């Protein structure tokens with residue numbers, strides 16, 4: 001039997017009762033404090049995917065990082081608060097030692113074909129092989145799970161440190177070792193961008209996501225077509241002020257198709 | 001005593017127990033089916049604002065429209081799932097006759113001064129008085145509560161019907177009668193834009209928001225400075241496909257300062 005991919009091990013859940021799952025933090029995905037937010041968000045998507053009551057596929061999820069998650073076991077509670085004919089609304093929480101560390105809501109849906117169009121286009125970029133490979137730092141540890149080739153905005157963890165006129169990051173990215181893309185992995189990729197305040201200032205500043213939203217646009221066929229190829233991620237802040245900034249991000253297939261759009265609100269200090 | 005503004009009447013809640021509020025739908029804010037989503041979202045913000053356990057001010061809210069709300073009374077449940085030193089995480093739901101119609105999460109925070117900057121700029125537009133006033137249709141009824149002067153993208157409810165190359169809407173908007181802006185009203189304004197699929201196709205098509213997120217950037221001082229002047233709203237879709245599209249929106253002060261950024265995922269049919 002082939003060993004599990006570290007991503008699958010980190011997001012694995014045991015269903016112990018209806019709507020109750022047990023998981024365990026993975027040292028490979030640890031951040032400065034607790035796990036990488038993207039792996040927590042992916043774990044919550046996994047809970048919905050693993051729940052036999054699920055109708056359709058995830059179309060939207062919002063994850064709120066309420067408190068730190070300690071190394072060790074945790075419980076995920078998933079409640080399908082409302083099931084309609086073609087949509088279902090989930091309320092989720094991650095609990096550890098009786099304390100809520102993470103709240104979330106998700107929407108799943110049976111999707112049907114309609115006309116398709118994007119009003120946004122991917123930036124013109126050099127191909128993955130021609131963009132500069134990023135050597136991940138030792139800390140935070142989770143970054144070693146991603147192979148990143150930056151086009152711009154690598155931030156202070158890269159050699160290019162220094163303030164920038166904007167917070168834009170454009171990066172080719174995939175799991176390492178490579179792993180076929182699915183909705184859980186796509187969720188984590190939406191949070192792969194380091195805090196925009198760091199990219200903008202060129203300095204490591206205290207920052208942490210408080211709320212992350214992912215809208216899934218890719219269907220199963222498109223995800224299968226991407227397979228384990230690198231995807232293109234773009235992220236930028238819209239507004240910084242009074243201790244918070246927002247980030248808007250898009251993950252594009254290597255062929256320039258929108259896979260997911262994502263937004264987050266991030267706490268930061270000067 | 002002056003009569004209450006219709007917005008305040010529509011979002012009024014009676015606190016009947018800790019974390020439990022009673023409200024009532026307002027016919028003035030009815031949509032095609034049930035109330036205007038913006039008034040529902042504003043009512044949930046109101047619940048957080050009215051809860052004596054609240055820490056700080058709303059910085060983010062996500063509202064999921066799970067099922068139709070019938071005309072009549074409803075209950076809002078608000079649970080501060082986690083309270084930290086300077087942030088608090090809320091889980092909310094709106095319940096009617098034992099069924100969950102709406103799920104939500106919110107984050108409140110004690111905000112502190114930091115550097116401030118926007119990486120987005122408002123479009124160059126004619127002033128409110130020079131943009132064409134929109135005569136609201138009889139249905140949906142809620143539109144009569146907003147005074148809208150469209151710069152572009154009024155959609156099929158205006159005279160300009162017909163397909164457009166993009167789904168961009170730019171509009172000066174305020175409550176009518178005018179009402180000083182606050183976070184509840186700002187929340188509703190983030191949902192004032194008609195579905196992008198209609199603006200794009202120029203046709204009335206079945207569509208409904210499934211998930212709405214608002215990030216609040218304005219502080220109390222800025223809101224007070226806006227007072228009851230019109231604000232500028234901009235909205236566009238990023239991607240349409242397989243029955244859903246996303247919308248990203250910004251509400252700007254009349255002086256061009258970001259008040260809120262907002263995102264939603266919307267169900268639509270051809």
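Here, each number is a calculation from the coordinates, and none is a lab measurement. All of these numbers come straight from a predicted model, not from anything done at the bench. When we count neighbours, we look across all protein chains shown, and the Cβ atoms used for this are built from the backbone with ideal geometry, even at glycine.
Of note:
- What the Cα convex hull of the range A:107-159 gives, in volume per residue, is 187 Å³.
- Label 7 Å beyond Cα on the Cβ vector: residue B:179 copy-to-copy distances, nm: 4.8
- Listed peptides B:5-12, A:210-217 by packing density, highest first (mean Cβ within 10 Å): A:210-217, B:5-12
- Tail beyond 35 Å, pair distance distribution of the protein assembly as shown (Cα, percent): 30
- With the simple model of a label 7 Å out from the Cα in the direction of the Cβ, residue A:95 to residue B:70 spans 3.2 nm.
- Distance between the 7 Å Cα→Cβ label points at residue B:17 and residue B:84: 3.1 nm.
- Most fluctuating residue given options B:68, B:113, B:80, as computed from a GNM of chain B linking Cα atoms under 10 Å: B:113
- Look at the Cα gyration tensor of the range B:66-182: its axes a ≥ b ≥ c give a/c of at least 1.5 with a/b at or below b/c, and that counts as oblate.
- Shape of the range B:1-65, Cα gyration tensor, a/c cut at 1.5: oblate
- If you look at the Cα atoms of the range B:138-177, you get an Rg and a Dmax of 11.0, 34 Å.
- Square roots of 5 times each gyration tensor eigenvalue, C-alpha, the range B:133-226, largest first, Å: 25, 15, 12
- Coarse-grained scattering of the range A:187-259 at q = 0.17, 0.20, 0.27 Å⁻¹, given as base-10 log I(q)/I(0) from a Debye sum over alpha-carbon atoms: -0.70, -0.87, -1.30
- For the range B:122-144, the residues whose amide N sits under 17 Å from a probe point set 7 Å from the Cα of residue B:161 along the beta carbon direction are B:135-140.
- Position residue B:9, label points 7 Å along Cα→Cβ, spacing to each other copy in nm (shortest first, one decimal): 6.3
- For the peptide A:89-101, the mean number of other protein chain Cβ atoms found within 10 angstrom of a residue's Cβ is 3.
- The range A:1-52 and the range B:191-249: distance between their alpha carbon centers, rounded to Å: 33
- 7 Å along Cα→Cβ, label-point gaps from residue A:219 to other copies, nm, shortest first: 4.9
- log₁₀ of I(q)/I(0) at q = 0.18, 0.21, 0.22 Å⁻¹ - the range A:12-137, Debye sum with one point per alpha carbon: -0.95, -1.10, -1.16
- With a 10 Å cut-off around each Cβ of A:227-239, the average count of Cβ atoms from other chains is 2.
- In plain terms, if you count all Cα to Cα distances in chain B and split them into 10 Å steps from zero, the share in each step is 7, 30, 38, 21, 4, 0 percent.
- Report summary: the helix-based calculation at 222 nm, which adds -39500 (n - 2.57) for every DSSP H run with n ≥ 4 and divides by the residues of the protein assembly as shown, gives -4000 deg cm²/dmol.
- For the range A:157-174, backbone nitrogen atoms closer than 19 Å to the point 7 Å from residue B:115 Cα along Cα-to-C-beta are found at A:157-169.
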